[in-house]
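Here is the structure we will look at.
The values are calculated or read from the model by the stated rules, or taken from the named source; none is laboratory data. Since the structure is predicted, the reported quantities are computational estimates derived from the model, not experimental observations. Note that each Cβ is placed from the backbone with ideal geometry, even for glycine, and that neighbours are counted across all protein chains shown.
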Amino acid sequence: MPDHNYRPPTTEQLDQLLQQANAAQTEPFPDGVGIAICWDGGDFPDPGGIYRYGNLRDWDNHSMAFTDDVLFKIASCSKTFTATAYAMALQKDMIDDYTTVGDMVRPSTLGSNYLDIPLRSLVNYTSGFPADNVPGSGTLPTPFPVPYEVDEMFGFLRGNPFEPEGTTERYTYSNLAFSLLGWLLAEKIGHAKFAQLIDGWIFRPLGMNDSQYSPPYIKGMLSTEPKPPAAPKMLPRCYTYSAGDNGNDGTYELASPSSHNFDAYYGGGGVMTSPRDMLQWLRFNLGLNKNLPDSEILLQKLHTPTTGVTAGTSQLCMGWFMTPASALSPAMLYKDDDLAGANSYLLLIASDAPGQIASPAGVGVMVNVEGLTVSGTTLATWLAKKVMAIMGGEETPPV
């Protein structure tokens with residue numbers, strides 16, 4: 001790892017950064033847009049911090065206080081929780097590195113196409129399932145039931161709707177893989193609902209008392225359409241931004257507090273968390289919050305590549321991606337998302353000895369809008385990388 005003296009960002013630096021991001025838009029961020037940034041690191045003399053930017057609106061369109069317990073949807077960053085539950089099950093000897101899907105269910109529960117897939121391949125993006133972060137993957141039933149429930153997911157997979165290709169041998173980004181893994185862990189090991197498993201195993205021990213899973217849609221009765229659930233009290237309005245044509249002003253569409261895919265897809269995404277809870281999750285992954293049993297061993301498992309398969313230049317860990325070290329940069333662990341009402345990014349310096357030596361620096365960014373970009377990069381990604389550069393000593397250019 002190249003030598004760096006990492007340091008916390010200052011409020012002035014973050015103010016300048018957000019001014020740059022705002023200036024890069026075709027119109028200023030409107031009321032309702034909220035951005036939370038948290039950071040910490042083993043090199044820092046003081047505990048990490050939280051920075052909040054923007055003005056929030058509640059679901060009645062009234063002004064809402066932007067406090068550290070306000071909730072953000074974090075979509076696919078939720079996979080890092082599913083991966084941690086998998087690592088905990090390994091550490092508890094409930095499963096091993098060779099456990100397959102078929103070891104977790106009766107043969108009649110799922111189609112024969114999926115029984116030989118190792119659980120490890122579900123958690124490290126080598127399941128062989130079709131990439132489902134693009135349209136037309138064939139991994140959801142037609143017609144699609146809303147809400148999509150666990151029994152419906154298992155029923156769909158019982159019919160062998162697709163055949164995995166290149167299991168353990170190629171990278172595909174699969175929300176289904178993590179969702180299936182989550183429910184296998186919950187029902188076979190935890191004997192509980194998946195959200196209850198994560199709450200008991202991870203949220204509460206780490207002091208993440210604000211965090212929860214998005215409530216599922218409400219089934220329609222007879223011919224009525226399903227309804228979105230009531231938003232939790234601390235979840236502000238969230239949006240999807242669509243850029244205008246030819247540089248014209250874009251539009252902010254109100255997003256749902258949930259997703260049609262829940263609760264079946266909780267393992268792939270669905271966590272709502274607050275800035276103060278995200279800081280605790282960051283601290284756990286940095287090796288600073290050790291309130292989970294065997295946290296040192298867990299981080300060794302989670303932050304070490306588990307396959308020689310790569311996603312481009314990124315190595316594949318459990319839930320996390322890792323960019324290898326170079327002459328100019330240390331190895332980095334990251335996870336991102338961009339979904340209706342949510343854009344998040346987690347970024348940390350990879351420790352030289354995960355679990356034994358704390359990572360020198362990490363940052364988490366949450367935005368309650370999908371679709372905002374700076375220089376072609378999603379806003380949360382751009383902010384996280386800029387904050388990491390600031391913590392590494394780079395100066396923020398004046399606006």
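P107 falls short on exactly one of the conditions (1) of a type outside the set (D, E, K, R); (2) surrounded by fewer than 17 Cβ atoms within 10 Å (Cβ to Cβ); (3) in contact with a strand residue (DSSP E or B) (Cβ under 8 Å, 6 or more places away or on another chain), and that condition is (3).
The set of residues in segment 318-333 being surrounded by fewer than 20 Cβ atoms within 10 Å (Cβ to Cβ) and either part of a loop (DSSP other than H, G, I, E, B) or out of contact with any Ser or Thr (no Cβ under 7 Å at 6 or more places or on another chain) (or both) consists of P324, A325, S326, A327, L328, S329, A331. The listed residues are P236, P257, and the only one of them that is within 16 Å of V367 (Cβ to Cβ), touching a residue at least 24 places away in the same chain (Cβ under 8 Å), in contact with a Gly (Cβ under 7 Å, 6 or more places away or on another chain) and outside any helix (DSSP H, G or I) turns out to be P236. Checking each residue in segment 8-41 for being buried (at least 17 other Cβ atoms within 10 Å of the Cβ) and at pLDDT below 95 picks out only Q25.
Residue selection: N209 satisfies the criterion of being exposed (fewer than 15 other Cβ atoms within 10 Å of the Cβ) and modelled with pLDDT of 95 or more. Meeting the requirement of 2 or more residues that are among the aromatic types (F, W, Y), the helices (runs of 4 or more DSSP H) wholly within segment 39-150 are 79-91.
Based on what the data block shows, is Q315 touching a Pro at 6+ places or on another chain (Cβ under 6 Å), in the same structural domain as S259 (by TED's automatic domain parsing), surrounded by fewer than 20 Cβ atoms within 10 Å (Cβ to Cβ) and outside any loop (DSSP other than H, G, I, E, B)? Considered against the rule, which asks whether it is touching a Pro at 6+ places or on another chain (Cβ under 6 Å), in the same structural domain as S259 (by TED's automatic domain parsing), surrounded by fewer than 20 Cβ atoms within 10 Å (Cβ to Cβ) and outside any loop (DSSP other than H, G, I, E, B), Q315 comes out as no.
One residue is enough: does segment 221-229 have a residue meeting the conditions crowded, with 16+ Cβ neighbours inside 10 Å and farther than 21 Å from P30 by Cα?
To start, the set of residues in segment 221-229 that are crowded, with 16+ Cβ neighbours inside 10 Å comprises 228-229.
Going one step further and asking which of them are farther than 21 Å from P30 by Cα, we end up with 228-229.
Yes: segment 221-229 contains one or more residues that are crowded, with 16+ Cβ neighbours inside 10 Å and farther than 21 Å from P30 by Cα.
I202 satisfies every condition listed in (1) among the β-branched types (V, I, T); (2) buried (at least 20 other Cβ atoms within 10 Å of the Cβ); (3) more than 22 Å from the chain's Cα centre (by Cα) except (3).
Annotation: A36 fulfils all but one of (1) part of a loop (DSSP other than H, G, I, E, B); (2) in contact with a Pro (Cβ under 6 Å, 6 or more places away or on another chain); the unmet one is (1). The residue pairs whose first member lies in segment 56-71 and is surrounded by 20 or more Cβ atoms within 10 Å (Cβ to Cβ), whose second member is small (G, A, S) and at pLDDT 95 or above, and whose beta carbons are closer than 7 Å, counting only pairs six or more residues apart or on different chains, are L56/G32; L56/G34; R57/G32; R57/S63; V70/S274; L71/S274.
Condition test on D245, is it more than 27 Å from T67 (Cα to Cα) and either touching a His at 6+ places or on another chain (Cβ under 9 Å) or free of Cβ contacts under 8 Å to residues at least 40 places away in the same chain (or both)? Yes; evaluated as a whole, the condition is true for this residue. Exactly one residue among P130, P141 is out of contact with any strand residue (DSSP E or B) (no Cβ under 7 Å at 6 or more places or on another chain), over 30 Å from M221 (Cα atoms) and outside the structural domain of P216 (by TED's automatic domain parsing), and that residue is P130.
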